[in-house]
Structure formats: structure tokens, C-alpha cells
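*Asks:* So that we are looking at the same thing, I have put the structure below in C-alpha cells.
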């Protein structure tokens, strides 16, 4: 009997090392732009996808979640955690991995790390929202929270939206120094700031990406000028927000999937019927986004499974013809599908 795994049993796997090689192979700004395009295209066909809020398991130290979806041809999910206290122990606050499967057979067709990929897709999603909601003349952004997401966010807005200046602020000055050092020589002007008041001076776009798992007021209403676009991406679970509710009340709010965002996003502070616009409708041309130059727009981004699906499908295509993956023997696939025991018996 042939004990060699069948072709279908072997599943492409992209490790962290190969994901980083893929970024260098493609180029980070190009990869961010292409993932953003993939997300836009999938949002245009939003109605084809299965949609459900992520499935969380909360603890007093963090959350572990599954994020599934399908477009009827491919099924995808991401495993992801959020543990804010990990940073103090020298660990990532967010880690993840994901999978794509063929709906026709149920067989996996890709397994990938998603710690790095989630940073890319989150930044790409912010860029998509900014492209559709910010003023077209916007060139300066404020980045509040200079941790693991910050450089990706800034480069995505540079690549997709033409941002040329980034103002940085973090309660930990070493995080700001890290972010500034990492972005040196990458074609964007960096200004290090000492306070939330200073960082938003002259900013057309404000992105908040902080990690603490509690209610915060990173931005108060008096700090937000007319015409600003805000990407609030740090709030991603119940009890964790970044904006004062007056900011939310004043802004036109755009979300991914309302049943999830009302639980996890900035709008958890608001009444259950607080008006929001689903961003896919703007991207698909169904609804107008920004209506005036003075309007404050808010992307209340919590991350949604379709974005991960888009990123995984991008990676599936990007690795073809490269050596940037290896194959895992993941599926028991005996010559006779009825004889799984026999396959095990004869392997001894």
C-alpha cells in the first residue's frame, strides 16, 4: 500500500518567517495597497458572504476569538487573541493564525500565520476607510498609540491615501522613539509629540490604536476639529473604548458589521439604535460617505472576518510560484475513504 500522503493531504503553510519574506518579496507598501484592494473588492460583494460576530472567550486578562466567514466557494477563519498585559511580559498583545478551505470538499487549501498578516490587513482596512471618508486633500495624520500597529497604519495611509506627514504620540515615549526610528528613510515626515493636544495639531486624519482593556478617553470632543476623519481601531471588545462619547455623538459613524461593532466598538457607549452607516455600502456606491468638508467622520473599526478572508486569499495567490511556503501533511486521505483504520494499521 502506498503510505505517501496524497496531493490533497498536503496543505500550503505560510510561517512567520515566510510571511516576512513575502513582504520583502512584494514590498510592504505594494502589499498593503494590494490587500486594501482585495478588501475593497470583497466589500463590494458583501452580500455574498456569511456574516456573524466573532466568537469570543473572555477572561479577566484578555480574549480569544474565532472569526469565520465564507463566500460560498472558500471558507475562512482566523484564531486571534487580545491580551493587553502581554506587553509587560515581553509578549505580543495580539497573535493569530488562519485557514482557507474549499467549500466543495471541506479540505483546507491554506494555513497561515496571522500575527503579521493581521497587522497588514488592519492597516489596509484603515486605509480603505480613510480613502472613502477623509477629505481628498488630507496629507497629515496623527497616530495616537505607537505600538505594534503604528508603522503599518502610517505606511498604509501613505501608500493608499497619499499621507506625507505623521505626527506621533504615545504615553510611553520609548514607543514613539521606536516608531520614528522604524519609519526613518521610508519617505514620510515624522513629528514626535508630547501630548494628545499637540499630536492633533494640523492633522486631517486621527488614528487611535491603544491596547489597554478598559474605557479610555484618548480623544475628547474639544480636540476634534471640523472636517477631521478618525480611525478608531483600538476598541475591539466589550468594555474597551478610546473616544469620549461626545466625539461619537458628533461624528458620522461608519462601521463594518453593526451587530459586532455595537458590542465591541466605540458605539457600545451609545444607545442601541445610535445611527451608523455600513462601510461596504459606501465602497459599493450605494450610500454617500463624507457629505461636507466640515463633517467629522469616524470609522469605528473593530476588525471583521471578511477582511481576514481577503488577506488570506491574497496570500494564497501571492505565494504561487514562490518558495515562500511549505506543505503540511494535514489531512488523512486513504486510498479507500472507508478504510481509515486500515491506513493506520498498515502504517505500523
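Readers should treat all values here as calculations from the given coordinates under stated rules, not as data from a laboratory. Just so it is clear, the structure is predicted and the values come from calculations on it, not from any experiment. FYI the Cβ positions are ideal-geometry reconstructions off the backbone, even for glycines, and counts take in every protein chain you see.
*Asks:* Just order 120-128, 252-260 by mean Cβ neighbour count inside 10 Å, highest at the front, would you?
*Replies:* 120-128, 252-260
*Asks:* Read through the labelled values (1) 32.2, 94; (2) 19.7, 65; (3) 21.2, 74 and report the label of the one computed as Rg and Dmax of the Cα atoms in Å from the structure.
*Replies:* (3)
*Asks:* Once you've got the GNM for the chain with C-alpha springs shorter than 10 Å, pick whichever of 273, 71, 50 has the biggest mean-square fluctuation.
*Replies:* The residue that fluctuates most here is 273.
*Asks:* I'd like the distance between the alpha-carbon centres of segment 197-276 and segment 49-128, rounded to an integer number of Å.
*Replies:* A separation of 22 Å, based on Cα centres.
*Asks:* Another question, if that's okay. When the chain is treated as a GNM, springs tying every alpha-carbon pair under 10 Å, which of 180, 293, 134 comes out with the largest mean-square fluctuation?
*Replies:* Comparing 180, 293, 134 in a Gaussian network model of the chain, the most mobile one is 293.
*Asks:* Based on the Cβ-Cβ distance from residue 37 to residue 7, what FRET efficiency comes out when R0 is 25 Å, to the nearest 0.05?
*Replies:* FRET efficiency, residue 37 to residue 7: 0.20.
*Asks:* By average Cβ neighbour count within 10 Å, what is the ranking of 98-105, 196-203 from highest down?
*Replies:* So the peptides 98-105, 196-203, ranked by packing, come out 196-203, 98-105.
*Asks:* Which value in deg cm²/dmol, rounded to the nearest 500, describes the helix-derived mean residue ellipticity at 222 nm for the chain, given -39,500 (n - 2.57) per DSSP H run of n ≥ 4 and division by the residue count?
*Replies:* Rounded to the nearest 500, the figure is -9500 deg cm²/dmol.
*Asks:* Okay, next question. When ranked by the protection proxy of mean other Cβ atoms within 10 Å per residue, highest first, what sequence do the peptides 182-189, 111-118, 90-97 form?
*Replies:* 111-118, 90-97, 182-189
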